[in-house]
Amino acid sequence: MKFTQDQLGWKPWIEPLAEDELTEEHREALVDRARAASPYFRLLARDPRVLHARTKTDNDIFHNADGGLPRAERELAATATSRSNGCVFCASVHARFASHYSKREHDVRRLLDEGVEAEQDARWRAIVDASVALTETPPRADVAALREQGLDDLAISDALHAAAFFNWANRLMLSLGEPDES
C-alpha cells in the first residue's frame, strides 16, 4: 500500500471489543467517545488504564497550545516518523493534519511520495531530520539544527515528543494489524 493523505481503515489481527461490549470504564479510557467507532481503539480498550494514559499523552503532545511548536510542525514530526517507520496508516492521518494546519499540502505530499529525504525548507528539514533520527538505533537528534531554525527548548521538546510518541505508536499499530483501503 502506498503512502497517501487519503483516509484509510485499519484491520486488526486480534479481535477488538465490539462497540456494544464497551463498558463505562472503556468509554472513559477512550477520552473521546467517538473513538469507539475505531477498531484500533476498541482493541486498545482491552486494557483501559493503558489506553487512557496513551490517549492523554497523545492529546497533550498534539493539542497543548501553551507555547512550543505549532500544531502543523508537531504533525509534521509524526508524519516524518511514520513515513520512516513504514506506518502507512499513521502517516496518512498525520499528513492530513500537517497539510491542514500548515497549508503546505504540496510539501507534505512530497514527503509522502519521495520519502524523508525529500526537499523541504530549512526549518522543516531540521524537524524531519530530528524526527527520523529518533527512529534509528541508537536514537539521536541534531538539536543544534533545530536551534539554528529558531526553535526554543519547548518547541524542540514538542518536536521530539511527537516523534518519540509516534515511534512507539507506529510499532504498536504495525504489530496489531494493518491499514485497509476500505
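The values are calculated or read from the model by the stated rules, or taken from the named source; none is laboratory data. Being a predicted model, the structure only gives us computed values, none of them experimental. Cβ: placed from backbone, ideal geometry, glycine included. Neighbour counts: every protein chain shown. Note: accessible area is taken over every heavy atom of the protein model, side chains too, but ligands, DNA and RNA are not part of it. Shrake-Rupley method; radii C 1.70, N 1.55, O 1.52, S 1.80 Å.
In debye, nearest 20, what is the charge dipole magnitude of the chain about its Cα centre with +1 on Lys and Arg Cβ and -1 on Asp and Glu Cβ, if you could check? Before the final figure, lay out the partial values.
Values: 23 positive and 32 negative charges, 7 e Å.
Using only the charged Cβ atoms, the result is roughly 40 debye.
Please list, in order along segment 56-63, the HN-Hα scalar couplings obtained from phi with the Karplus expression 6.51 cos²θ - 1.76 cosθ + 1.60 (θ = phi - 60°), rounded to whole Hz, x for Gly and Pro.
Residue by residue, segment 56-63 yields 5, 5, 4, 4, 5, 5, 9, 10 Hz.
Please give the peptides 59-70, 32-43, 82-93, 117-128 ranked by average Cβ packing (other Cβ atoms within 10 Å per residue), highest first, as a rough proxy for protection. Show your work: numbers first, answer last.
Details: 59-70: 13.9, 32-43: 16.3, 82-93: 22.4, 117-128: 17.8.
Top to bottom by mean Cβ count within 10 Å: 82-93, 117-128, 32-43, 59-70.
Which cross-chain or sequence-distant (5 or more) residues have an amide H under 5 Å from the amide H of A118, H modelled 1.01 Å from N in plane?
none
Relative to the longest principal axis of the chain, what angle (0 to 90°, nearest 10) does the C-alpha long axis of helix 71-85 take?
80
Of the accessible area of the chain, with the probe set at 1.4 angstrom, what percent is carbon plus sulfur? Mind dumping the intermediate values first?
On the way: 4590 of 9150 Å².
The C+S portion of the solvent-accessible surface of the chain is 50 percent.
Over the Cα atoms of segment 1-86, what Rg and Dmax result, in angstrom?
That works out to 14.7, 40 Å for Rg and Dmax.
From the phi of every residue in segment 21-30, what ³J(HN,Hα) in whole Hz does the Karplus formula 6.51 cos²θ - 1.76 cosθ + 1.60 yield, where θ is phi - 60° and glycine or proline is x?
The phi angles translate into 8, 5, 8, 4, 4, 4, 5, 5, 5, 5 Hz.
Suppose all protein chains stay in the model; what accessible area per residue would a 1.4 Å probe give for segment 115-168, in Å²?
Working: 2640 Å² over 54 residues.
The answer is 49 Å² per residue.
When the helix-only estimate is applied to the chain (DSSP H runs of n ≥ 4, each -39,500 (n - 2.57), divided by the residue count), what is the mean residue ellipticity at 222 nm, nearest 500 deg cm²/dmol?
Numbers: 9 runs with 111 residues, N = 182.
Helix contribution divided over all residues of the chain: -19000 deg cm²/dmol.
Mind ordering 95-102, 148-155, 106-113 by average Cβ neighbours within 10 Å, highest first?
Ranked by mean Cβ neighbours within 10 Å, highest first: 95-102, 106-113, 148-155.
Two-decimal Rg/Rh of the chain from alpha-carbon positions, Kirkwood Rh?
Using Cα coordinates only, the ratio equals 0.98.
Would you please name the chymotrypsin sites (Phe, Trp or Tyr not before Pro) within segment 1-30 that are DSSP coil residues with at most 12 other C-beta atoms within 10 Å of their C-beta?
Passing sites in segment 1-30 are W13.
Could you give me the ³J(HN,Hα) list for segment 156-172, computed from phi with Karplus coefficients 6.51, -1.76, 1.60 and θ = phi - 60°, whole Hz, x at Gly and Pro?
Each residue of segment 156-172 in turn: 4, 4, 4, 4, 6, 5, 4, 5, 5, 4, 7, 4, 5, 4, 4, 5, 5 Hz.
Quick one: which residues, 5+ away or cross-chain, put their amide H under 5 Å from the amide H of W10? H built at 1.01 Å from N.
D180
Once both axes come from the Cα atoms, what is the angle between helix 122-133 and the longest principal axis of the chain, in degrees from 0 to 90, rounded to 10?
Tilt relative to the chain: about 50 degrees.
Express the relative contact order of segment 45-182 as a whole percentage, based on alpha carbon pairs under 8 Å and six or more residues apart in sequence.
Details: 172 pairs, mean separation 41.9, N = 138.
Across segment 45-182, relative contact order equals 30 percent.
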